[in-house]
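Each value in this text was obtained by applying a stated rule to the coordinates, not by laboratory testing. Quantities reported herein were computed from a predicted structural model and do not represent experimental measurements. Backbone-built Cβ (ideal geometry, glycine too); neighbour counts: all protein chains shown.
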Amino acid sequence: MVATLEPYTVADLRRLREETKDRLEMIEGEVFVVPKSSVLHQGASVRLTHALFVQVELAGTGRVLCGPIDVKLSDVDVVQPDLVVILPNGGARLAPEAIVGLPALLVELVSPTSRVQDRQVKRRIYAKAAVPEYWLVDLASRIVAVLTDPVEGDYRTEVTVGEGDTLRSATIPGVEIAVADLFPPSFKGV
C-alpha cells in the first residue's frame, strides 16, 4: 500500500501559525512562508494603498485592505496578497479573521524573492478561483501587469503599463493611477 499525503487544511494552517513567527499561506493544500518585505516594497505598498483608498474607499465604491490579511479562496487556498479590493456586490465577504470568497482585485508587489510565486503560482490559483482582476506590481522593472478575464486557470488578458502610463482598473470604475506615482524615489539613509 502506498501512503499518500493529504493536503493541509485551514485548521492545519492555523496550528502551524501558532508554532512560528513566519507569515504562512496555503496554496492547493501546500504551506509556504511569505517572504519579509523590503523598504522598497513598503514604500510602493503605502503609495498604492493610498491611491486605492482615495479612489475606492473614500469614493464609496468598496473596501481596500492591505496585507498581511488572509483571503480564503477555497478550503485549500488561503493567501496573503499585498492589497485587496472588495466591492459591495462582489463575491467576497469580510469575516472576523479573513476575507472569504472572491475579491474584485488582488495585488502582489513582486520582489526577487516572490517572483516565481507571484507570476506563476498565484497567477494560476487566482485565475482558477476566478478572481476578476490581478495586478503584479514589479518593483525592479517599475511596471504593472494587469491581468483580467480568468478562464481555466489562467488570465486571457494581460496589459502591462510602465512609468509613463496610467494604470486603470478593468473591473473597478474610476480607478486611475499614474504608474510613476507608485514607486518611491531612490534614497540613501532616509
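Numbers below:
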item: Using alpha-carbon coordinates, inclination of helix 39-52 to the longest axis of the chain, degrees; result: 70 degrees
item: Lysine pairs within the chain, Cα separation less than 25 Å, 8 or more sequence positions apart or different chains; result: 8
item: FRET efficiency estimate (nearest 0.05) - Cβ-Cβ, Thr160 to Glu30, R0 25 angstrom; result: 0.30
item: Global geometry of the range 2-95, whether rounded, prolate or oblate, following the gyration tensor of its Cα atoms and the 1.5 cut on a/c; result: oblate
item: Exposure proxy ranking, count of Cβ atoms within 10 Å, fewest first, for Thr157, Thr61; result: Thr157, Thr61
item: For the chain: relative contact order, % (alpha-carbon pairs under 8 angstrom, 6 or more apart); result: 15 percent
item: Inverse of mean 1/r across different Cα pairs in the range 110-190, Kirkwood, Å; result: 13.5 Å
item: Helix-only [θ]222 nm of the chain, DSSP H runs n ≥ 4, -39500 (n - 2.57) each, per residue, nearest 500; result: -4500 deg cm²/dmol
item: Estimated dipole of the chain in Debye, rounded to 20 [Cβ of Lys and Arg +1, of Asp and Glu -1, Cα centre]; result: 360 debye
item: Theoretical FRET efficiency, 1/(1+(r/R0)^6), r = Cβ-Cβ of Arg115 and Ala59, R0 35 Å, to 0.05; result: 0.60
item: The range 82-147: C-alpha gyration tensor shape, a/c 1.5 cut-off, then a/b vs b/c; result: prolate
item: For a label point 7 Å along the Cα-to-beta-carbon line of Asp181, residues of the range 39-61 with backbone N under 15 Å; result: 44-59
item: Rounded if a/c under 1.5, otherwise prolate or oblate - the range 110-150, Cα gyration tensor axes; result: oblate
item: Formal net charge of residues neighbouring Lys36 (Cβ-Cβ distance under 14 Å; K, R +1; D, E -1); result: -1
